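The values are calculated or read from the model by the stated rules, or taken from the named source; none is laboratory data. Just so it is clear, the model here is predicted, and its values are computed rather than measured. Reconstructed Cβ throughout: ideal geometry from the backbone, glycine too, with neighbour counts over all protein chains shown. Surface areas here come from the heavy atoms of the whole protein model, side chains and all, with no ligands, DNA or RNA. Shrake-Rupley method; radii C 1.70, N 1.55, O 1.52, S 1.80 Å.
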Amino acid sequence: MTELSTHFSQRELCYQCFLDASHCICGHITPIPSLLKVIILQHIRERHKAIGTEKIVRLSIPGAQTFTGIKFQNQKKLTETFTDKNQQGYLLYPSKDAQLAENISLDFSRNNFLVVLDGTWPHANRIYKENPLLHYLIPIAINTDYISNYRIRTQPNSLCLSTVEAMVLCLESLEKSPGKYTPLLKTLEKMIDKQCEYIPEDILRNRKKFKKLKAKA
């Protein structure tokens, strides 16, 4: 066994959040029941990213489910859920016909669920295009001045949020319950702080928060 493989074999892993034991966030998780079932469609390239925020949602929202891939047509459970007339699904995706979450009135005569796409913007766009089943859902967007605290990554622009931030703001708008999901944002803060301990201060200080947008021709 090589020195490198020995190093990795000795690392302790938390099998709930799938982070190294030294970075485990489980002790910071606060379970918060949601009025909507939460379903996360995670792009396959997000699965093993230590700084991914899907894990915060999955561990904090009882019953939240994550499906990983790109094409989900063969997921029988998803197909049944998305086409069930006794359920009303919402998709957090800013399509041209998306409604603002704050303007939605939930119909509690049916089971409501929220689908969130986990990945970069290109990843989310591809999942949307590759899965016609998503078109059964009502597309919704969030209207907010909230600036992402996901400072460990450079965002495309100031409107971009991490998965957990977008979901928190969306659920609070749908449920008309401002502040209900703040504990998830506090968990995000703890996770980021821990990761930042291993990044040189000068890199953090000089890292650009947003990518430079290309000028249109």
Checklist entry - Within the range 91-107, is even one residue outside any helix (DSSP H, G or I), touching a Ser or Thr at 6+ places or on another chain (Cβ under 6 Å) and either surrounded by 17 or more Cβ atoms within 10 Å (Cβ to Cβ) or modelled with pLDDT under 95 (or both)? => result no
Checklist outcome for this item: Residue hits (the range 39-66; open to solvent by 50 Å² or more (accessible area, probe 1.4 Å), in a loop (DSSP other than H, G, I, E, B) and at pLDDT 90 or above) are 62, 63
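Kindly indicate whether any position in the range 9-28 is at pLDDT 95 or above and over 24 Å from residue 160 (Cα atoms).
Step one: of the range 9-28, the residues at pLDDT 95 or above are none.
Scanning the range 9-28 turns up no residue that is at pLDDT 95 or above and over 24 Å from residue 160 (Cα atoms).
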Checklist entry - Could you count how many residues in the range 29-38 are open to solvent by less than 50 Å² (accessible area, probe 1.4 Å) and either modelled with pLDDT under 90 or out of contact with any strand residue (DSSP E or B) (no Cβ under 6 Å at 6 or more places or on another chain) (or both)? => result 3
